[in-house]
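This report refers to the structure that appears directly beneath it.
The values are calculated or read from the model by the stated rules, or taken from the named source; none is laboratory data. Just so it is clear, the model here is predicted, and its values are computed rather than measured. Cβ placement follows ideal geometry from the backbone for every residue including glycine, while neighbour counts extend to all protein chains displayed. When the accessible area is computed, the model is the full protein with side chains, heavy atoms only, and any ligands, DNA or RNA have been set aside. Shrake-Rupley method; radii C 1.70, N 1.55, O 1.52, S 1.80 Å.
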Amino acid sequence: MASAYKPEEARVPPALPLPTPPVTKFKIALCQLSVTPDKERNISHARKAIEDTAAKGAQLVVLPEIWNGPYSNDSFPVYAEDIDAGGDASPSTAMLSEVAQRLKITIVGGSIAERSGDRLYNTSCVFDTDGKLLAKHRKIHLFDIDIPGKITFIESKTLTAGQIPTIVDTEVGRIGIGICYDIRFQELAMIYAARGAHLICYPGAFNMTTGPLHWELLQRARATDNQFGEVMATTEHEESIIIAEIDYSVIELRRTNLPVLKQRRGDLYRLVDVERLNSQ
């Protein structure tokens, strides 16, 4: 009877099997940083935070969204960097590359404003233990919101939306990347899960209107949707660093005990990964 439901057809193309991760357990550090208008200070401050977490055994370090300058449409063009050019054209990513190589850690570098030609993007960079840039994720869903009397922010006034979901193989596993508002769209997380992600990272800088209500809720929802795990550690709104141990065996155990992957109704609904489908 179960085969009549065609669970394998609920993902188009069919979901990839979860690959064997390069490590079973490791420490992840999440850095919640205060940001000032002083870009050099912000870069130095982030470097110190990364060094501190590595000294405590973190193998994967994640920075917040727009950590090298103020989060505003006026500031994005001023603080934007040419990531592809590197070097002096991108001091923020040059620092991330150097410290990743020196400390032999993997870094999901939060995000910075990226200048590419005449366009600006909100971009997250992933560096491996050799300091190599493994991937760039350009924020796919721009934060365009107007809540009368509370908050109005239109990212699309200055930023261009990214076009490609980003999943990358690293020394600590296969990681899907989203940025802040991307977390509200469960389809992106579902695509990453179908591509065999062990972990999804969402660097964010949530506002204080919707943040207290939704930030942790959305993280838990995406984790529950795709059977990734539970809350291991959390913090409040002030600057903070949290370190937790990731155990990938928990994913396998949870998916074995609650086999929803085999119970989907491909005969009734399907999620299409357009990029993978078009590449076939």
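When SER3, SER44 are checked against the criterion of being open to solvent by 50 Å² or more (accessible area, probe 1.4 Å), in a helix (DSSP H, G or I), at pLDDT below 95 and out of contact with any Lys or Arg (no Cβ under 6 Å at 6 or more places or on another chain), SER3 stands alone in meeting it. Within the range 170-181, restricting attention to residues that are in contact with a Pro (Cβ under 9 Å, 6 or more places away or on another chain) and closer than 18 Å to ARG276 by Cβ, the residue that is most open to solvent (accessible area, probe 1.4 Å) is ARG174. The residues of the range 256-273 that are touching a residue at least 40 places away in the same chain (Cβ under 8 Å), open to solvent by less than 70 Å² (accessible area, probe 1.4 Å) and under 25 Å from GLU230 (Cα atoms), listed by number, are ARG264, LEU271. Evaluation of THR20 against the conditions (1) open to solvent by 40 Å² or more (accessible area, probe 1.4 Å); (2) β-branched (Val, Ile, Thr); (3) touching a helix residue (DSSP H, G or I) at 6+ places or on another chain (Cβ under 6 Å) shows that the sole unmet condition is (3). Of all the listed residues (GLU245, GLU187, GLU238, GLU230), the sole one being acidic (Asp, Glu), farther than 21 Å from ARG11 by Cα, exposed (fewer than 14 other Cβ atoms within 10 Å of the Cβ) and at pLDDT 95 or above is GLU245.
Residues in the range 202-227 that are surrounded by fewer than 12 Cβ atoms within 10 Å (Cβ to Cβ), in a loop (DSSP other than H, G, I, E, B) and either of a type in the set (Gly, Ala, Ser) or at pLDDT 90 or above (or both): 0 in all. Looking at the structure I just gave you, is ILE66 touching a helix residue (DSSP H, G or I) at 6+ places or on another chain (Cβ under 6 Å), of a type outside the set (Phe, Trp, Tyr) and assigned to a loop (DSSP other than H, G, I, E, B)? It is false that ILE66 is touching a helix residue (DSSP H, G or I) at 6+ places or on another chain (Cβ under 6 Å), of a type outside the set (Phe, Trp, Tyr) and assigned to a loop (DSSP other than H, G, I, E, B). Whether a residue is surrounded by fewer than 17 Cβ atoms within 10 Å (Cβ to Cβ), among the acidic types (Asp, Glu) and in a strand (DSSP E or B) was assessed, and ASP146 passes this test. For the range 149-169, a tally of residues being of a type in the set (Val, Ile, Thr) and open to solvent by less than 20 Å² (accessible area, probe 1.4 Å) returns 2.
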